[in-house]
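Heads up: the structure comes next, in structure tokens.
Bear in mind these aren't lab numbers, they're just calculated from the coordinates by the rules spelled out. All of these numbers come straight from a predicted model, not from anything done at the bench. FYI the Cβ positions are ideal-geometry reconstructions off the backbone, even for glycines, and counts take in every protein chain you see.
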Amino acid sequence: MFFDLFGNYLVDNNKMTSDQLASLKEAQASSRLKLGFIAVSEKMITEKQSEEINRKQAVMDKRFGDIAVELGYLTDDQVGQLLGLQGNTYLKFCQLVTEQGIMSMEDIEAQLKAYVASCGFEEAAIEDIKSDDIDRIIPLFTPDIEDKYSEILAVGIRTINRLVSSNICISKGCVVDSLDISDYAIQALVGDFNVKTGFVGQGDSLLVIADAYAREHFDAVDEDALDSVAEFINIINGLYATSISYQKVNVELMPPELITGSKKIEAAKIAVMPITIDGRDVKMFLAIS
């Protein structure tokens, strides 16, 4: 998600092109973080020391970390820490961006601060964004709801990523007490607490979920398409209900509802999370009793 959140911000602010972002995302899966890049980024060694190790590595059959330890630049424990960061999404983004000459590390760090400020987050949120951890990121975008409801949104994002598309970006959510919407699917969880989970979209944007989940093409957001979205919501709520059952919290899934035409939803709180999936805008919402 970091590539989409921060990458889209950079594109919108003319710091990179959409083609460059697409190239970065394509390269993400196959690229491998270099230990030297991580060590410099984490300020464990200098760029000059990294270059020296690379020169020695070119003529020696030894790993970067082993040479760094021999030279006294790193300890074994520090090498272990660096190896643990080789799957870090933020550092992978930085390595790809700097290698392609799009931005420097200093520019990336400055723009990340600007992005966090533009979202209205505290500077401490930078570490949450860099973590690429959905459970840490979602509460930033929905600060006015309890953790148990943020967890439903997090399960929703993970399920979209797994079953619909990995090309996802979220925007700052809001909490309202009424919502005028049309053509949506919704399902209630009742028990130790009550909440309804739904998806709505403008025009035919809900088809991005309906088509992918049903693995067929729908021509319009009709009852068949909404039924596919409802089944998808049932998966989200089922996963969430299972996870909280281990904490001795019990909820029951009600049959999903398909709503065609306009309707006004009212609740004590309605948390609305805008999500862009493959360039199409939908909203996941929670009506909290």
Margin query: Within 12 Å, Cβ to Cβ, of L239, how many net charges do the neighbouring residues add up to if Lys/Arg are +1 and Asp/Glu are -1?
Written below: +1
Checklist line | Amide hydrogen neighbours beyond the local backbone of I45, cut-off 5 Å, H modeled | finding: V40
Next item on the list: Report, in debye and to the nearest 20, how large the dipole of the range 2-132 comes out about its Cα centre when Lys and Arg carry +1 and Asp and Glu carry -1 on their Cβ.
Entry: 380 debye
Item checked: Gain upon complete extension [L163, E216; 0.36 nm per residue less C-alpha separation] -> 17.7 nm
Notebook entry, point to check: Counting Lys and Arg as +1 and Asp and Glu as -1, each charge on the Cβ, what is the dipole of the chain about the Cα centre in debye, to the nearest 20?
Noted result: 620 debye
Margin query: Could you list L10, L71, L24 so that the one with the fewest beta carbons within 10 Å of its beta carbon is first and the one with the most is last?
Written below: L71, L24, L10
Note to self: With the crude spin-label approximation of a point 7 Å out along Cα→Cβ, what separation in nm comes out for L239 versus E146?
What the structure shows: 2.3 nm
Next item on the list: In whole Å, largest first, what are the principal axis extents of the Cα atoms in the range 121-204?
Entry: 37, 31, 23
Margin query: For Cα pairs less than 8 Å apart in space and 6+ apart in sequence, what is the mean separation divided by the residue count of the range 2-132, i.e. the relative contact order in percent?
Written below: 29 percent
Item checked: Choice from A225, A214, A154 with maximal GNM fluctuation in the chain (Cα, 10 Å cutoff) -> A214
Item checked: Residue-averaged [θ]222 nm for the chain, counting only DSSP H segments that reach four residues, each worth -39500 (n - 2.57) -> -15500 deg cm²/dmol
Note to self: Report, to one decimal in Å, the Kirkwood hydrodynamic radius for the chain based on all distinct Cα pairs.
What the structure shows: 21.2 Å
Checklist line | Inter-centroid distance (Cα atoms) of the range 188-223 relative to the range 1-57, Å | finding: 36 Å
Notebook entry, point to check: From the Cα gyration tensor of the range 181-271, with a ≥ b ≥ c the square roots of its eigenvalues, which class applies: rounded if a/c is under 1.5, or else prolate if a/b is larger than b/c, or else oblate?
Noted result: oblate
Item checked: Gaussian network model of the chain, springs between alpha carbon atoms under 10 Å - residue of G84, G72, G201 with greatest fluctuation -> G72
Checklist line | Rel. contact order, % - alpha carbon contacts under 8 angstrom, at least six apart, the chain | finding: 18 percent
Checklist line | Translational diffusion coefficient (Stokes-Einstein; Kirkwood radius from C-alpha pairs) of the range 2-122 at 4 °C, 1.567 mPa s, in µm²/s | finding: 83 µm²/s
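For C119, C169, C94, what's the fewest-to-most ordering of other Cβ within 10 Å of each Cβ?
With the sparsest Cβ surroundings first, the list reads C119, C169, C94.
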Next item on the list: Check each of the chymotrypsin sites (Phe, Trp or Tyr not before Pro) in the range 112-203 and keep only those in coil by DSSP with at most 15 other C-beta atoms within 10 angstrom; list them in order.
Entry: F193
Item checked: Max mean-square fluctuation residue, GNM over the chain, Cα-Cα springs under 10 Å, options F37, F232, F64 -> F64
Check: How high is the relative contact order of the range 136-288, in percent, counting Cα pairs under 8 Å that sit 6 or more residues apart?
Finding: 35 percent
